[in-house]
Amino acid sequence: MYNDKVMDHFMNPRNVGEIQDADGAGQVGNPVCGDVMRITIRVEDGKIADIKFRTFGCGAAIATSSMVTELVKGLTLDEAMEVSNKAVAEALGGLPAQKMHCSNLAADALHKAIEDYRAKHPANSGA
Ligand code: FES
């Protein structure tokens, strides 16, 4: 039921792990199923220099986590804030309808990590 791209990101997820001493961290739980995703970022010159994720969830959640890390690496914080859950699902070539709720974690956790960074670095919030 998953396309090849989703399966690739599920079987070979990119940027798995946790950045030690991260500049920002965001964690979200999916109210539909209880799965949890955590994203940590390192910020340099207002851009996402590094990003890692840990997802305790289904295959679609792992694939969307992996995809969002690839999509935003190197983007400015403002650009990364504009990446939506829908954009992540589209970048994966779509998800089965009953799995669309799984894509809600990826961008939300990213946005929380950026908000966390901005709260900790108010003078350097990276436009
Ligand atoms: Fe929980 Fe997919 S079933 S994120």
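The values are calculated or read from the model by the stated rules, or taken from the named source; none is laboratory data. These numbers come from a predicted model, not from an experiment. Every residue, glycine among them, receives a Cβ derived from its backbone with ideal geometry; neighbour counts consider all protein chains shown. Protein only, heavy atoms only, side chains kept; ligands, DNA and RNA dropped before computing areas. Shrake-Rupley method; radii C 1.70, N 1.55, O 1.52, S 1.80 Å.
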Inset, instruction - Given the conditions (1) open to solvent by 50 Å² or more (accessible area, probe 1.4 Å); (2) under 16 Å from LYS52 (Cβ atoms), report the number of the one that TYR117 does not fulfil. - result: (1)
Legend entry - Of the criteria (1) farther than 24 Å from MET1 by Cα; (2) more than 13 Å from the ligand (Cβ to nearest atom); (3) of a type outside the set (D, E, K, R), which one VAL28 fails: (2)
Inset, instruction - Can you run down the residue pairs with Cβ atoms below 9 Å, 6 or more apart or on separate chains, where the first is in the stretch 18-31 and in contact (Cβ under 8 Å) with a residue 12 or more places away in the chain and the partner is in a loop (DSSP other than H, G, I, E, B) and open to solvent by less than 20 Å² (accessible area, probe 1.4 Å)? - result: ALA25/ILE19
Legend entry - Filter result for the condition that a residue is more than 16 Å from the ligand (Cβ to nearest atom), within 11 Å of the chain's Cα centre (by Cα) and open to solvent by less than 50 Å² (accessible area, probe 1.4 Å), over THR64, THR40, THR55, THR76: THR40
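Would you check if THR69 is at pLDDT 95 or above, crowded, with 19+ Cβ neighbours inside 10 Å, farther than 22 Å from ALA123 by Cα and in contact with a strand residue (DSSP E or B) (Cβ under 8 Å, 6 or more places away or on another chain)? Spell out how you get there, then give the answer.
Numbers: at pLDDT 95 or above: yes; crowded, with 19+ Cβ neighbours inside 10 Å: yes; farther than 22 Å from ALA123 by Cα: yes; in contact with a strand residue (DSSP E or B) (Cβ under 8 Å, 6 or more places away or on another chain): yes.
Yes: the conditions hold for THR69.
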Inset, instruction - Go through (1) out of contact with any His (no Cβ under 9 Å at 6 or more places or on another chain); (2) among the polar types (S, T, N, Q); (3) under 23 Å from ARG118 (Cβ atoms); (4) open to solvent by less than 50 Å² (accessible area, probe 1.4 Å) and name the single condition ASN104 misses. - result: (4)
Legend entry - Members of the stretch 1-34 found to be over 21 Å from HIS101 (Cβ atoms), out of contact with any strand residue (DSSP E or B) (no Cβ under 7 Å at 6 or more places or on another chain) and open to solvent by less than 90 Å² (accessible area, probe 1.4 Å), listed by number: ASP8, ASN12, ARG14
Legend entry - Residue selected from the stretch 66-123 under the condition without any contact (Cβ under 8 Å) to a residue 12 or more places away in the chain and among the acidic types (Asp, Glu), by the criterion nearest to GLN27 (Cα to Cα): GLU82
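Quick check on my filter: what residues within the stretch 79-101 are surrounded by fewer than 20 Cβ atoms within 10 Å (Cβ to Cβ) and within 13 Å of the ligand (Cβ to nearest atom)?
Residues of the stretch 79-101 that are surrounded by fewer than 20 Cβ atoms within 10 Å (Cβ to Cβ), as a first pass: 79, 81-84, 86-87, 90-91, 93-94, 96-101.
If the condition is that a residue be surrounded by fewer than 20 Cβ atoms within 10 Å (Cβ to Cβ) and within 13 Å of the ligand (Cβ to nearest atom), then PRO96, ALA97, GLN98, LYS99, MET100, HIS101 are the ones that fit.
Which is under 17 Å from ALA113 (Cα atoms), more than 12 Å from the ligand (Cβ to nearest atom) and in a loop (DSSP other than H, G, I, E, B), of ASP50, ASP21?
Working: ASP50 fails: in a loop (DSSP other than H, G, I, E, B).
On inspection, the qualifying residue turns out to be ASP21.
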